Amino acid sequence: VFGTFEVHSFMEQTHKVQKKIPEKYIRESSMIRGPKFLVRLKSHTVFENTPIKLFCTVEGYPTPHVKVCLFLSLSLCVCVCLSSCRCGIDDTAMYTAVASNSHGQASSQASIIVKSESKLNSRVDAILPEIKYTKINITFLETFNVTFGKEEDCVTLACKMTISPNLANLQPDALWYRDEHLLKESKWAKMESGGGVAKLTLTHLAKDDEGLYTLRMVTKGGDAVHSAYVFVEGTELMLSCAPRCSLLSALNLNRIYYNTISYFKVSKCEKVGTENWTQCNDSPIKICKYPVPGLFEGHSYYFRVRAVNSHGISRPSRVSEPIAGKAPEAPSNVYASETDRTYVVLSWSAPAYHGKAPMWYYIEKVGSGSWQRVNTKVLVRSPRYGVFDLNEGKEYLFRVLSANMYGTSEPSEPTKPIKTQELRGVPSAPGQVVATRETDTSVLIQWAPPKEPNNLIGYYIDSCVKGSKDWDSANHKPNKKTKFVVHGLKTGETYVFRVQAINELGLSEESQESAPLSVRAALSIEYALPSAPYDIALLYCDGESMVLNWKRPAHSGGAEVTDYYIDRCNVAKKAWKEVNVPPIKERLYKVPNLTPGSVYQFRVYGANVVGLGNASTSSPPFKCEAWTMPEPGPPYDLSFIEIRDDSLVVEWKPPVYTGASAVTGYYVDMCKKGTETWTTANAAAVDHCYLKVKGLQTGSFYVFRVRAENAQGTGKPSVPSDRVCAKTLPGSQEIKCGVDEQTGDIYLSFESCQMAEISKFVWKKSYQEITDFSKGLAIKTSGSNSTLLFKNPDKEDVGTFSVAVTHTDGVSASYKITAEELAKMLTLSYDIRNPIIPLKTELAYKILERGRVRFWLQAEAISSAVTYKFFANNKELVNCEQTKMSHDVATGTIEMVLDHFTEDSEGTYAVQIQDGRGKAQSSLVLIGDAFKAALAEAEYQRREYIRVKEGTELYTVANLKKESAFHWFKNDVEVIPEVPADLGSGVCKLLLSQFSKKDVGVYKATISDDRGQDVSQVDISGKVFDNIINDLTRVAGASAADLVIHCTSEGIMLQCYMKYYTEEMKITWAHKDSKITASERMRVSGTPAMATLEIVEPTEKDKGVYTFEIKDSEKTNTRHLELSGQGALFWFSDRGKVVGGLPDVVTIMEKKTLSLTCTVCGDPKPQVTWSKNDQEVEPGDQYVISLDSGKFASLTIKGVTLEDSGKFTMAVLNKYGGESVDIVVSVYKHGDRIPEIKPSPTPKRIMPPTMPIVIPTAAKPASAPAAAPAKSPAPAPKSPAPSRSVRSPTPSRRK
């Protein structure tokens, strides 16, 4: 190019420098690195005929090749010199040096401008003429819309446009952005531009490709922009995550599968396209972030990530861009690019450095005291370094020093105080969520950020159809802004929305749901404003003011028209002025301060929440003269309801000006469309402000007006109404009248066939709006249904009731309640509100054991809220020990047990019952012979009775002799008592120890001698059995000790000692006032000496107050125990545990190496043992057992053989207990078919503590048995545990 070039080599200088470099750096220099310019080409401006030289220095391995017409290869770097002896004007150009090797290429450019000596004062513009930019207009003809795709799909975004003027040398630049980041041409993104078309092809979709895509057509005079969102849906078998720089992040996961991931695997490679991928992490990564150590400065690395769940390992993510340590320049601007609880990642700007010797950095920190060097053993080559082992929540200062083989630089300026984070968990829930309409298929969602972001990463947005519980995710990667457009919604459907925040630890709680929003296109300002009012009428003038009325706008703009503004104009002066500054709420206004005799015109504006609408047309000229005519003025505000095919109801308001006397009536005139003849609809004047006009022609249009009348005559007519069509609205319904079967309320119900968001139901009586609700009227509205309730109906409710629905096409109806109909409904209402409880049986009696008498009756049905009173001889009885009253809701039985039935009990007995509004009464007469028979039977039963005392004893008293033979029988089978009968004492006992349902039966006592035989029997079942259990419960409840805690192998057990316990007793366990239901995890049981509640695998949620209740017929005994702090849970949470990582089944080919690795925990650190087929594995050359950091346990089998097939068991144990898991290993020969073994998940077996665990509690009272409590019954087997390695690293999402 220059004609002659000189090449200067610095080989000798390079060798001198290499001799001084330590051998360590020589080894590193042989590692793979791409080409890089150490000294770049520099631009020059010279005069012609001046010699010029261009230098550049390049490094790389393998040695790069530099092409600028000639090249020179060196072992370490390439230094090229381009020389021209005499430069000419033709040599003005841009020169490029390109260096390349097998790992890439790099280039450097420089401009050479050669000036003419004859034109020293000429400008460079003479050589490079100035370009005057032309304004270019770009109009998009076709654009890309919101796009939905799946991973691995190919998607093309294209825009067609017109370019005016279309100049070949001034074509616009097409720039593509994703989430405001400029995209570059790559194998993942192909770009095309030209011919009025710009295309972006995403060749292989991944989660990273989701976002807002923007096409910006840039010209010298401006740009044109179009944007749309691209959604990427994940697949179940292909989880994708995207690494970035050396601290990897894999947060762009599809949330649908995020919660099923067990951990991640990070791999690196120094040359893309090869399979030399090496795994970076030795232990499982549970969060989407990992610092990769052990990288070499100047080397290029590629990274990828794979996710692991219970189904296996996902396909690798998209390979990252090449990452290489950069040679820094100046140690300045030191700052923390990332902070965490225990580490800080520092970044800085390198010093200006052009030497060829390697350079590294030292990092120093100070917390309190003097500066300390952080990297004493590690040389930092990159301007980024992670400082670890810091204290949480503490402030530090950092500074950086640069160094090479010749010495160390001065330290950089210290950073500002950098405070490490504190562990705060997931973010708090986002704030209020607001949904706003955008298009007919999309909604804009905005929300307040969480009060505690805790290293917030982004947000997930969910949508749900109102009334359902099916939540759908709107985005598949975190959205970083506090607003988002949800696409793909159904037009007209009503949705609610919620938002969740996410950080490295997981998802926050859901925000509160947004207000329901119907999906419709947002109105533009033009259509959101109300239309103009019209038909301004003069209602009265007193000579100084005028009363005006007007009709409301025909179009409200979708919102209520709430304000009006009036302008006036003096016709003589022709100047419009505002009448009112505060808005007018009603369509009736008195305009003051007018000039008598002047003529005025008026115009009115309507306003809603959006803004002010257009002005009405000017009113007719009104002269300001006082009205003195004796007739009344015009009525106003005509409206129509109950429009049907042949009739309608006209409503109006009375005139403002009544004339010389009061208004006595009204006439309604009507005019059919197509005629100009007004006919009066009512022959006689009506004295109210409504009239039902009948006899109309279906489908015809009519106009109405109203005239008021007083004693002096008929006044002016009102302004004619809008035309109305006599036709029933499609779907119209009438009002339904009835009586509520539950409450007895009379109701009028109406279902509207049309509804707008701002529609309201207006109920009227005699066409006057109901505003007084003090007499028991109530209105209940739900959706399109409204009901008028008469809570206290009476004869005053006779009349015509009507309802109208605002902001519709006239939906309305009426109903006339007559006196006869009201009387029938009042009768039915009374019967519903005052029902009679039907009885199956009237009051009766039954003689019980010990001579007690049971008075009872049975109703068809009663509720738990039933109340009742018993009377004896018109004296009310109270519920006490002598007269026990009770009821059974299930059977409808109400009873009273009279304990002492004597001669004084003769008389009349009655019971009164009330259940809600229902009532009933029954009586029983026990007088004379009936009473004598009942008393005789009671005295007989009193002679033989059952007594309970610390167990159950049946005994009988008789006139015995020594020769008498005494026997006990149960269900006609002889029972031999433990204690022989003592015939001498006259008392024979049968002791029933541990009384329960097994003792139910008929018991007989027989005694015989030479005088004959006597038999006595008792049936212990039914009520007799219940009474015995009730007495036992009373004894047990009185002896119940305080609750104590006992540790078991599976959890903790709450125990309550008592004199006697059986499962038939009525006991209740509660936690935080909530009744505990027996389950696999909460085991309710007991022994004859105590009642127990066992909590299996207790957690933090099990803390709180526990209550034990034992209830008899008279009293409830309660015991409490507060389970708080760590004392009750530490042993279980600190025992040895297997966190996860082991498979259930392993299939491997012989002679391979098998590594079984999992994570364990426990405090103190647990011991790990391995066994094969229940025989402990001894470590050796083949079996290698390790436990790293007390967390990662592994068993490595080198060169597995067929003998290694079998069941391997890993046991984790410390002093608080532990767990053991089984792994089935199947070894097959090379070439054999892989055996198919279906995994059968086996639960973890919990191992008891190696030493007794005693939790201090209050001492047991003396009433508790002195002997050690009996062993708890064996717990039921646990349900099979799920397969391991299926838990998510973050909390599960609640839908």
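The values are calculated or read from the model by the stated rules, or taken from the named source; none is laboratory data. Because the structure is a prediction, the values reported are computed rather than measured. All Cβ positions, even for glycine, are placed from backbone atoms using ideal geometry, and neighbour counts span all protein chains on display. We work out accessible area using only protein heavy atoms, side chains counted, and drop any ligands, DNA or RNA first. Shrake-Rupley method; radii C 1.70, N 1.55, O 1.52, S 1.80 Å.
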Taking region 440-450 and keeping residues outside any loop (DSSP other than H, G, I, E, B) and open to solvent by 20 Å² or more (accessible area, probe 1.4 Å) leaves LEU444, GLN446
THR827 fails exactly one of (1) of a type in the set (Ser, Thr, Tyr); (2) farther than 30 Å from GLU939 by Cα; (3) without any contact (Cβ under 8 Å) to a residue 40 or more places away in the chain; (4) in a strand (DSSP E or B), namely (4)
Contact list, first residue from region 1083-1103 and closer than 16 Å to THR1068 by Cβ, second anywhere and open to solvent by 10 Å² or more (accessible area, probe 1.4 Å) and of a type in the set (Gly, Ala, Ser), beta-carbon distance below 6 Å, six or more apart or interchain, is VAL1084/ALA1078; THR1092/SER1085; THR1092/GLY1086; THR1092/SER1272
Checking ASN614, ASN549 in turn, the sole residue that is among the polar types (S, T, N, Q) and out of contact with any Phe, Trp or Tyr (no Cβ under 6 Å at 6 or more places or on another chain) turns out to be ASN614
Residue set SER1155, SER1113; condition open to solvent by 50 Å² or more (accessible area, probe 1.4 Å), under 27 Å from GLY1217 (Cα atoms) and more than 37 Å from the chain's Cα centre (by Cα); output residue SER1155
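Inside region 93-140, can you point out the residues that are within 30 Å of CYS159 (Cα to Cα), open to solvent by less than 80 Å² (accessible area, probe 1.4 Å) and modelled with pLDDT of 80 or more?
Residues of region 93-140 that are within 30 Å of CYS159 (Cα to Cα), as a first pass: 131-140.
Next, from what is left, pick out any that are open to solvent by less than 80 Å² (accessible area, probe 1.4 Å): 134, 136, 138-140.
Result: ILE136, ILE138, THR139, PHE140.
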Exactly one of GLN742, GLN733 is of a type in the set (S, T, N, Q), within 24 Å of SER802 (Cβ to Cβ), part of a loop (DSSP other than H, G, I, E, B) and out of contact with any Lys or Arg (no Cβ under 9 Å at 6 or more places or on another chain), and that residue is GLN733
Being in contact (Cβ under 8 Å) with a residue 40 or more places away in the chain, farther than 16 Å from SER721 by Cβ and in contact with a strand residue (DSSP E or B) (Cβ under 8 Å, 6 or more places away or on another chain) narrows PRO635, PRO621 down to just PRO621
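Can you find, within region 833-855, the residue that is nearest to GLU903 (Cα to Cα) among those that are in a loop (DSSP other than H, G, I, E, B) and not polar (S, T, N, Q)?
If we take residues in region 833-855 being in a loop (DSSP other than H, G, I, E, B) and not polar (S, T, N, Q), then ARG852 is nearest to GLU903 (Cα to Cα).
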Within region 639-669, residues within 16 Å of ALA726 (Cα to Cα) and either of a type in the set (Gly, Ala, Ser) or open to solvent by 20 Å² or more (accessible area, probe 1.4 Å) (or both) come out as SER639, PHE640, ILE643, ARG644, ASP645, ASP646, SER647
Open item on the list: If I filter region 316-327 for residues that are touching a strand residue (DSSP E or B) at 6+ places or on another chain (Cβ under 6 Å), modelled with pLDDT under 85, more than 29 Å from THR57 (Cα to Cα) and open to solvent by 40 Å² or more (accessible area, probe 1.4 Å), do I get at least one hit?
Closed with: yes
Across region 670-699, the tally of residues that are closer than 14 Å to ASP646 by Cα, open to solvent by 90 Å² or more (accessible area, probe 1.4 Å) and assigned to a loop (DSSP other than H, G, I, E, B) stands at 1
Restricting region 749-784 to residues that are part of a loop (DSSP other than H, G, I, E, B) and β-branched (Val, Ile, Thr), the one least open to solvent (accessible area, probe 1.4 Å) turns out to be ILE770
| Residue match in region 918-932 (condition: touching a strand residue (DSSP E or B) at 6+ places or on another chain (Cβ under 6 Å) and either on the phi > 0 side of the Ramachandran plot or in a helix (DSSP H, G or I) (or both)) | no
Checked region 970-1017 for anything open to solvent by 40 Å² or more (accessible area, probe 1.4 Å) and either closer than 23 Å to VAL1035 by Cα or within 60 Å of the chain's Cα centre (by Cα) (or both); matches are LYS989, LEU991, SER993, GLN994, LYS997, LYS998, VAL1000
Taking first residues from region 467-486 that are hydrophobic (A, V, I, L, M, F, W, C) and second residues anywhere that are assigned to a loop (DSSP other than H, G, I, E, B) and open to solvent by 30 Å² or more (accessible area, probe 1.4 Å), the pairs with Cβ under 7 Å that are 6 or more apart or on different chains are TRP471/LYS1295; VAL485/GLU438
Going through (1) open to solvent by 50 Å² or more (accessible area, probe 1.4 Å); (2) touching a residue at least 40 places away in the same chain (Cβ under 8 Å); (3) out of contact with any strand residue (DSSP E or B) (no Cβ under 6 Å at 6 or more places or on another chain); (4) of a type outside the set (A, V, I, L, M) one by one, ASN404 fails only at (1)
Taking region 848-873 and keeping only residues that are more than 15 Å from TYR909 (Cα to Cα), open to solvent by less than 40 Å² (accessible area, probe 1.4 Å), in contact with a strand residue (DSSP E or B) (Cβ under 8 Å, 6 or more places away or on another chain) and of a type outside the set (D, E, K, R), one is left with LEU848, ALA859, ILE862, VAL866
Of LEU489, LEU507, LEU517, the only residue that is more than 21 Å from VAL232 (Cβ to Cβ) and either touching a strand residue (DSSP E or B) at 6+ places or on another chain (Cβ under 8 Å) or open to solvent by less than 60 Å² (accessible area, probe 1.4 Å) (or both) is LEU517
- Any residue at all in region 582-596 that is over 30 Å from THR491 (Cα atoms), open to solvent by less than 20 Å² (accessible area, probe 1.4 Å), touching a residue at least 40 places away in the same chain (Cβ under 8 Å) and touching a strand residue (DSSP E or B) at 6+ places or on another chain (Cβ under 8 Å)? yes
Those strands (runs of 3 or more DSSP E) completely within region 1030-1086 that have 3 or more residues that are open to solvent by 10 Å² or more (accessible area, probe 1.4 Å) and at pLDDT 85 or above are 1066-1071
Considering residues that are free of Cβ contacts under 8 Å to residues at least 60 places away in the same chain, assigned to a strand (DSSP E or B) and open to solvent by less than 50 Å² (accessible area, probe 1.4 Å), the number found within region 874-899 is 8
Within region 451-486, residues among the charged types (D, E, K, R) and surrounded by 14 or more Cβ atoms within 10 Å (Cβ to Cβ) come out as GLU452, ASP462, ASP472, LYS477
Exactly one of ALA336, ALA357 is modelled with pLDDT under 85 and touching a strand residue (DSSP E or B) at 6+ places or on another chain (Cβ under 9 Å), and that residue is ALA357
When (1) assigned to a loop (DSSP other than H, G, I, E, B); (2) surrounded by fewer than 17 Cβ atoms within 10 Å (Cβ to Cβ); (3) modelled with pLDDT under 90 are applied to ASN145, the one that fails is (3)
Going through (1) loosely packed, with under 14 Cβ neighbours inside 10 Å; (2) modelled with pLDDT of 85 or more one by one, ILE163 fails only at (1)
